[in-house]
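Below is one structure, written out as structure tokens, with a few remarks after it.
The values are calculated or read from the model by the stated rules, or taken from the named source; none is laboratory data. Computed from a predicted structure; not experimentally measured. Glycine gets a Cβ as well: all are built from the backbone with ideal geometry, and neighbour counts include every protein chain shown. With ligands, DNA and RNA removed, areas are computed over all heavy atoms of the protein, side chains included. Shrake-Rupley method; radii C 1.70, N 1.55, O 1.52, S 1.80 Å.
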Amino acid sequence: MLRSVNEITNYVLEAIDGEIGRCNDLLFDDAEWIIRYMVADTRKWLPGRKVLIAPKSLAQPDWFRKRFPISLSQQQIEESPPLKTDEPVSRRYESRWTQYYGFPRYWLGPGGTGAIYSPMVPSAEAQDAQLEDNVEPAKGQLRSAKEVIGYHIHASDGKIGHVEDFFVDDLAWRLNCIVVDTRKWLPGRKVLVPPQWADTVSWSERKVIFKLSKEKIKNSPEYDPAELPNRHYQDLLPRQSQTDRQRPGRSCEIP
């Protein structure tokens, strides 16, 4: 099922021996649009620290009670590599963090810290041998879903709206669609667009840029706030032209 990022952020997080706080944010990599970490707000328990939880450590959520069980103890979380609240999540920190939990490093192969694990991923020990401390592998950077909500949407022929929300596939932990609010251009209309259609994200200018025309985005499936979208919304998307698909470095295909 698809779940709203705006809804998920603020769910209570429960370790196997007690609550640790609430979900504060979701960090995704901007190459694959996969959720790599949930950021826990633990200020009442671990003040001054940013605590990361991998999706694969999340048990089946209680959507009715708005709670996420975590298959980790409070001690495991407390003894994880510390990261100050105002510090960025660097690749060096991720290396220490994944080594602590024994998780494979997603930037060195498939699987990673998401929900889907591939047995073909090298062990953490094997990956240590592949990664030099002073080298940043060429892969997508981690971005805050909360930060991107509110960014302007730019089509190939001008502005068309802004990011109102994301919907997450709660099985694969991938950002499945962007809710685009077009109220300034199409009053009262919100549409669903796959993030994989985005050409680039400009973090300095706070905008998501598409090679698609405003007309293509306008004709995407309409979002009804009273009804959760499902994975089949993609069947209703307008077809892309060959020009739309030719985007070096990233795929425009819908996963």
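Of everything in the stretch 1-24, what is among the hydrophobic types (A, V, I, L, M, F, W, C), more than 21 Å from TRP203 (Cβ to Cβ) and open to solvent by less than 30 Å² (accessible area, probe 1.4 Å)? Give them in sequence order.
The answer is LEU2, ILE8, VAL12, LEU13, ALA15, ILE20, CYS23.
Could you say which residue among LYS56, LYS44, LYS84, LYS66 is surrounded by fewer than 18 Cβ atoms within 10 Å (Cβ to Cβ), among the charged types (D, E, K, R) and touching a residue at least 60 places away in the same chain (Cβ under 8 Å)?
Sole residue among the options that is surrounded by fewer than 18 Cβ atoms within 10 Å (Cβ to Cβ), among the charged types (D, E, K, R) and touching a residue at least 60 places away in the same chain (Cβ under 8 Å): LYS56.
Being open to solvent by less than 10 Å² (accessible area, probe 1.4 Å) and free of Cβ contacts under 8 Å to residues at least 40 places away in the same chain is the filter; apply it to the stretch 30-41 and report the residue that is farthest from GLN141 (Cα to Cα).
If we take residues in the stretch 30-41 being open to solvent by less than 10 Å² (accessible area, probe 1.4 Å) and free of Cβ contacts under 8 Å to residues at least 40 places away in the same chain, then ALA40 is farthest from GLN141 (Cα to Cα).
Scan (1) touching a residue at least 24 places away in the same chain (Cβ under 8 Å); (2) over 26 Å from SER4 (Cβ atoms) for the single condition TYR100 breaks and write down its number.
So the condition that TYR100 fails would be (1).
Could you please tell me which pairs satisfy a Cβ distance under 6 Å, a separation of 6+ or placement on different chains, a first residue in the stretch 148-174 that is in contact (Cβ under 8 Å) with a residue 24 or more places away in the chain and more than 16 Å from MET38 (Cβ to Cβ), and a second residue that is open to solvent by 40 Å² or more (accessible area, probe 1.4 Å) and of a type in the set (A, V, I, L, M)?
HIS154/ILE209
So which residues in the stretch 205-228 are under 24 Å from LYS146 (Cβ atoms) and either at pLDDT 90 or above or crowded, with 21+ Cβ neighbours inside 10 Å (or both)?
GLU205, ARG206, LYS207, VAL208, ILE209, PHE210, ILE217, SER220, TYR223
Pairs, please: C-beta under 9 Å, at least 6 apart or cross-chain, first residue within 18 Å of GLU164 (Cβ to Cβ) and in the stretch 208-230, second open to solvent by 80 Å² or more (accessible area, probe 1.4 Å) and basic (Lys, Arg)?
The qualifying pairs are LYS214/LYS159.
Would you confirm, using the coordinates I've provided, whether LEU27 is touching a Lys or Arg at 6+ places or on another chain (Cβ under 8 Å), assigned to a strand (DSSP E or B) and open to solvent by 10 Å² or more (accessible area, probe 1.4 Å)? Full working, then the answer.
Working: touching a Lys or Arg at 6+ places or on another chain (Cβ under 8 Å): yes; assigned to a strand (DSSP E or B): yes; open to solvent by 10 Å² or more (accessible area, probe 1.4 Å): yes.
Against the criterion (touching a Lys or Arg at 6+ places or on another chain (Cβ under 8 Å), assigned to a strand (DSSP E or B) and open to solvent by 10 Å² or more (accessible area, probe 1.4 Å)), LEU27 qualifies.
Being under 16 Å from GLN141 (Cα atoms) and part of a loop (DSSP other than H, G, I, E, B) is the filter; apply it to the stretch 168-217 and report the residue that is farthest from the chain's Cα centre (by Cα).
Residue satisfying both the conditions and the ranking: SER204.
For the stretch 156-196, name all the residues that are over 30 Å from GLN60 (Cβ atoms) and open to solvent by less than 10 Å² (accessible area, probe 1.4 Å).
Quick first cut of the stretch 156-196, residues over 30 Å from GLN60 (Cβ atoms) only: 156-162, 180-189, 191.
Within the stretch 156-196, ILE160, GLY161, VAL180, ASP181, THR182, VAL191 meet the criteria.
Give the residues of the stretch 2-24 that are assigned to a loop (DSSP other than H, G, I, E, B) and at negative phi, sorted by residue number.
THR9, TYR11, ILE16, ASP17
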